[in-house]
Amino acid sequence: DGPFMATLLKGKGAELDKIVCSPANRALTTAKFFANAFELPEAEILHEERIYEAYPEEIQGVIESFNDDWNQVALFGHNPGFTSLANQYTTEYIQNMPTCCIVQISGIIDSWKKFSSDNATLRAIYFPKQYFD
């Protein structure tokens with residue numbers, strides 16, 4: 001599903017500046033599909049230890065530490081932390097983000113340190129079963 005979802009996101013107009021990923025093999029494998037689709041060197045995928053088995057607060061801390069030169073970032077990690085974090089940015093409860101799910105959260109900020117549910121919201125959610133039976 002990874003190559004399909006990467007192509008789907010690119011087709012939706014995303015332009016990734018950076019990919020930040022858990023060091024777990026499955027997350028990294030998926031991140032590489034996205035790096036290839038967006039023509040980003042796999043060697044530039046940022047491995048972030050804090051994402052592995054992280055609580056939503058820890059993932060939020062990772063986001064707040066992003067380089068302010070980055071406008072669009074793809075973050076790869078694990079449940080249940082990612083689903084819990086996504087729920088902080090939406091009024092519609094997400095029970096579970098399935099494998100290879102993409103959640104698009106956007107906001108207008110001048111620094112990632114200010115990225116929060118006060119100024120950003122979930123804009124879209126895509127997952128493989130929407131496209132495959």
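The values are calculated or read from the model by the stated rules, or taken from the named source; none is laboratory data. In this text the structure is predicted, and so the values were computed from the model without any measurement. Cβ placement follows ideal geometry from the backbone for every residue including glycine, while neighbour counts extend to all protein chains displayed. The accessibility values were calculated without ligands, DNA or RNA, using every heavy atom of the protein model including side chains. Shrake-Rupley method; radii C 1.70, N 1.55, O 1.52, S 1.80 Å.
A few comments on the model shown:
- Total formal charge among the other residues, if their Cβ is under 9 angstrom from that of Q104, Lys/Arg +1 and Asp/Glu -1: +2
- Accessible area per residue was computed with a 1.4 Å probe on protein heavy atoms; L40 scores about 40 Å².
- Rounded to whole Hz, the Karplus (6.51, -1.76, 1.60) HN-Hα couplings of the stretch 20-28, x for glycine and proline: 10, 9, 4, x, 5, 4, 5, 5, 5
- Low-density loop positions, GluC sites (Glu not before Pro), the stretch 11-73 - DSSP coil, at most 10 other Cβ in 10 Å: E15, E39
- The stretch 85-133, accessible area per residue, ligands and nucleic acids excluded (1.4 Å, Å²): 69
- In range of the label at F132: residues from the stretch 4-31 whose backbone nitrogen is under 18 Å from the point 7 Å along Cα→Cβ: 4-11, 26-31
- FRET efficiency for the E44 to I125 pair, using the beta carbon distance and R₀ = 22 Å, is estimated at 0.25.
- In the chain, a dipole from Cβ-located charges (positive for Lys and Arg, negative for Asp and Glu) runs towards its positive end, and of F66, T91, P128 it is P128 whose Cα lies farthest in that direction.
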